[in-house]
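The values are calculated or read from the model by the stated rules, or taken from the named source; none is laboratory data. Here the structure is a predicted model, which means the values were calculated and not measured. All Cβ positions, glycine included, derive from the backbone under ideal geometry; neighbour counts span all protein chains shown. Ligands, DNA and RNA are excluded from the accessible area calculation, which covers all protein heavy atoms including side chains. Shrake-Rupley method; radii C 1.70, N 1.55, O 1.52, S 1.80 Å.
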Amino acid sequence: MRGRRNKSSSQTSVVAALVGDLLVAASKIAAAIWTGSAAMASEAIHSVVDTINEILLLYGIHRSMQKADADHPFGHGREVYFWSFVVSLLIFALGAGFSIYEGVSRVLKPVPIESPGISYIVLALAFIFEGGSWLVSLKQFRKAKGELGFFDAFRISKDPPLFMTLFEDSVALIGILIAAASTFAAVALERPEIDGIGSVGIGLLLAVTSVFLARESKSLLMGEPAYPVVRRSILSIANAHPGCLQANGLITVQLGPNQVVAMLSLEFSDDMLAPEIEEAVVGLEKAVREANPEIVALFAKPQTKKTFQDQRATTLDDFEHRKESG
């Protein structure tokens, strides 16, 4: 991906994660009840929360695909951003909160782990299940990011479910390793409070993850611009379009993974009549949408460059004034 989302199904990643989480949650719950391990209980809650999260992400993806209507003229693309934000809050409130609470309680009142062998077997199976889901998520994310680095791809991605499933699966694998290490140390050293420390570690890991995911989802929910390559494409087409002297400026808003609204300030030749300008704008919109199918609406405002700059300066001054007075 050179700044644009490649064709990759985030839904595939979410479904794979859901199947893996269901299998893992069932095995961890049984093991937690059998062994009494705090770290295993934390991992079980983690997997249950992940399962709920995948269901919410699938619901968000489904809702975002609804057609535009009178109440939502640009469609429902931001549904996926809203539910992604809800998921990040659930990771913090349920996953991190319960894990830390359970860990602290076991540190204060240690309980010996029974049948640690069961824990090791379940954790090994969970690692296999989560690993399979992680490979699917990684494959989909690599396909989408193209030549970009992982961090840059996370930062500019407009498709939260795609990177959320990869993050959740990665954290789940790390959590399994923490649970296994704390269980082994608690049994080998006969210090059951280490099991509680492992649970706190898993909770802190989930808390850090949730904060990062919440920040990324909130940014998209508030409104981010389209990918740079999309913006450059629109300006390039506008500047080369017959009748258009120049594109003064462009504002874009990402409404969903595949939905963008664009607003163009254009300067036309002084000798062009209104019908000719209208025809030029219609042709421009067609050319832009052919090159960028994610554009759901393009608004063009005929004006000179000086008028555009003056209005932009006035808008920025008004914003700074409200900011200082507020």
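Entry remark, region 58-115: residues being over 24 Å from Val211 (Cα atoms), within 28 Å of the chain's Cα centre (by Cα), open to solvent by 30 Å² or more (accessible area, probe 1.4 Å) and of a type outside the set (A, V, I, L, M) number 9 in total. Per the conditions (1) open to solvent by 10 Å² or more (accessible area, probe 1.4 Å); (2) among the aromatic types (Phe, Trp, Tyr); (3) modelled with pLDDT under 90; (4) in contact with a helix residue (DSSP H, G or I) (Cβ under 9 Å, 6 or more places away or on another chain), the sole criterion not satisfied by Phe184 is (3). Which ones in region 283-323 are of a type in the set (Val, Ile, Thr), at pLDDT 90 or above and in a helix (DSSP H, G or I)? Passing the criteria: only Val288. If you go through region 1-49 and keep only what is at pLDDT 80 or above, farther than 27 Å from Ala181 by Cβ and open to solvent by 50 Å² or more (accessible area, probe 1.4 Å), you end up with Gln11, Thr12, Val15. With Ile174, Ile156 as the choices, which residue is open to solvent by 40 Å² or more (accessible area, probe 1.4 Å) and of a type in the set (Val, Ile, Thr)? So the residue among Ile174, Ile156 that is open to solvent by 40 Å² or more (accessible area, probe 1.4 Å) and of a type in the set (Val, Ile, Thr) is Ile174. Scanning region 241-257 for residues that are in contact with a strand residue (DSSP E or B) (Cβ under 9 Å, 6 or more places away or on another chain), open to solvent by 30 Å² or more (accessible area, probe 1.4 Å), over 17 Å from Gln309 (Cα atoms) and not β-branched (Val, Ile, Thr) gives His241, Gly243.
Taking region 256-288, which residues are closer than 30 Å to Phe82 by Cα, out of contact with any Gly (no Cβ under 6 Å at 6 or more places or on another chain) and of a type outside the set (Gly, Ala, Ser)? Break it down stepwise before answering.
The initial filter retains those residues of region 256-288 that are closer than 30 Å to Phe82 by Cα, namely 256-264, 285, 288.
Next cut, out of contact with any Gly (no Cβ under 6 Å at 6 or more places or on another chain) only: 257-258, 260-264, 285, 288.
If the condition is that a residue be closer than 30 Å to Phe82 by Cα, out of contact with any Gly (no Cβ under 6 Å at 6 or more places or on another chain) and of a type outside the set (Gly, Ala, Ser), then Pro257, Asn258, Val260, Val261, Met263, Leu264, Glu285, Val288 are the ones that fit.
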